[in-house]
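The values are calculated or read from the model by the stated rules, or taken from the named source; none is laboratory data. Treat the numbers as computed from the prediction; the structure is a model and nothing was measured. Here the Cβ positions follow ideal geometry from the backbone for every residue, glycine too, while neighbour counts run over all protein chains shown. These accessible areas exclude ligands, DNA and RNA; they are computed on the full protein's heavy atoms, side chains included. Shrake-Rupley method; radii C 1.70, N 1.55, O 1.52, S 1.80 Å.
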Amino acid sequence: MPREAEPSLNEKQFVLQALQDSIRLDGRELEQYRPLELTFGDQYGVADVTLGKTRVLAKASAELTVPYADRPLDGIFNIATELSPMTSPAFEVNRPTETEVLISRLLEKTVRRSGALDTESLCLVAGQKCWSIRVDVHVLSHDGNLIDAACFAVVAALRHFRKPDTSMEGGVLTVYTPAEREPVPLSWLHSPFCVTWSFFGEDGDIAVLDATWMEEQVSSGSCTISLNKHGEICQIAKLGGVPVEAVSLLQCTNVALIKAKDMSSKLDRWLTEDAKRRDKGGLLAELSAENDRVPDI
């Protein structure tokens, strides 16, 4: 299995020494994110997220299927993650790496198991018909902190997605095309976001937010905190590495809440802007045209 080229000993020592002096290579503060950008596609449910030089594309889709036998009143919701060789020579097609499995599990716990999406609203006919919602996550560029970027992309894609409208008359299920009826958004309950900390030093006493690829290579541990803007923690993943004091973890959680609120407000703003852009010839344009026709008194 191919391996990615590791930083040299001099590079590692340089990064560690700089972090001990509270200096990062890109000039950020220790608790500062890289610039976060979001672009929606022409279709509903396509979100292109850029975090510094890390870029993740998420695409949501829906299809009619049969619900699971043990969950006849629930729809189906899955997240699929793909890390291609285009992203890094360490990734291979159809051979999931530890990083890919880790991202998939964290996204699963953060978004699906936290109940962010109301799966009961996806059921159309109990035990017979339901919507199956799938989000495909493609990593286009890897420069560290894939988890936070992927989580933001998944949440953005799901909140932006619209599924076809349906109706039930006389036991007959009808699925309408976008031309017949306006597609409807998913039943969304809350927006969880991942905030990942990296720890440096033998004792893990230096905590850094949103580590780059170079910083990840020299870190001695990491911790991902998933929470929403209300402070409800969905999960905390501390997978190996140096132990971290409880007080430090609480401080990290407090900062993570501030970052989650900031991500939530940014996403709300981008969704509102996209809705206005798409509604230029719709209801907003019709209302503005009526206002223009009102004579001055």
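Observations
- Search result, residues across the stretch 254-267 that are open to solvent by 10 Å² or more (accessible area, probe 1.4 Å) and more than 16 Å from Leu30 (Cβ to Cβ): Leu257, Lys261, Asp262, Met263, Ser265, Lys266
- Leu64 satisfies every condition listed in (1) without any contact (Cβ under 8 Å) to a residue 24 or more places away in the chain; (2) surrounded by 13 or more Cβ atoms within 10 Å (Cβ to Cβ) except (1).
- Total residues in the stretch 93-144, condition open to solvent by 50 Å² or more (accessible area, probe 1.4 Å) and farther than 23 Å from Lys238 by Cα: 10
- Where a residue in the stretch 153-174 is of a type in the set (Lys, Arg) and its partner, wherever it lies, is open to solvent by 20 Å² or more (accessible area, probe 1.4 Å) and part of a helix (DSSP H, G or I), with Cβ under 8 Å and at least six apart: Arg159/Leu271
- Any strands (runs of 3 or more DSSP E) falling wholly within the stretch 30-69 and containing at least 1 residues that are out of contact with any His (no Cβ under 8 Å at 6 or more places or on another chain) and basic (Lys, Arg): 54-65
- Any hit, the stretch 121-142, residues being acidic (Asp, Glu), on the phi < 0 side of the Ramachandran plot and outside any strand (DSSP E or B): no
- Within the stretch 95-111, the presence of at least one residue that is of a type outside the set (A, V, I, L, M, F, W, C), part of a loop (DSSP other than H, G, I, E, B) and over 25 Å from Leu189 (Cβ atoms) is confirmed.
- Scanning the stretch 174-210 for residues that are more than 21 Å from Cys130 (Cβ to Cβ) and within 17 Å of the chain's Cα centre (by Cα) turns up His190, Ser191, Pro192, Phe193, Cys194, Val195, Thr196, Trp197, Leu209, Asp210.
- Some residue of the stretch 67-78 being of a type in the set (Asp, Glu) and either surrounded by 15 or more Cβ atoms within 10 Å (Cβ to Cβ) or in contact with a Gly (Cβ under 6 Å, 6 or more places away or on another chain) (or both): yes
- Lone qualifier among Lys59, Lys12 - being under 15 Å from the mean Cα position of the chain (by Cα) and open to solvent by 40 Å² or more (accessible area, probe 1.4 Å): Lys59
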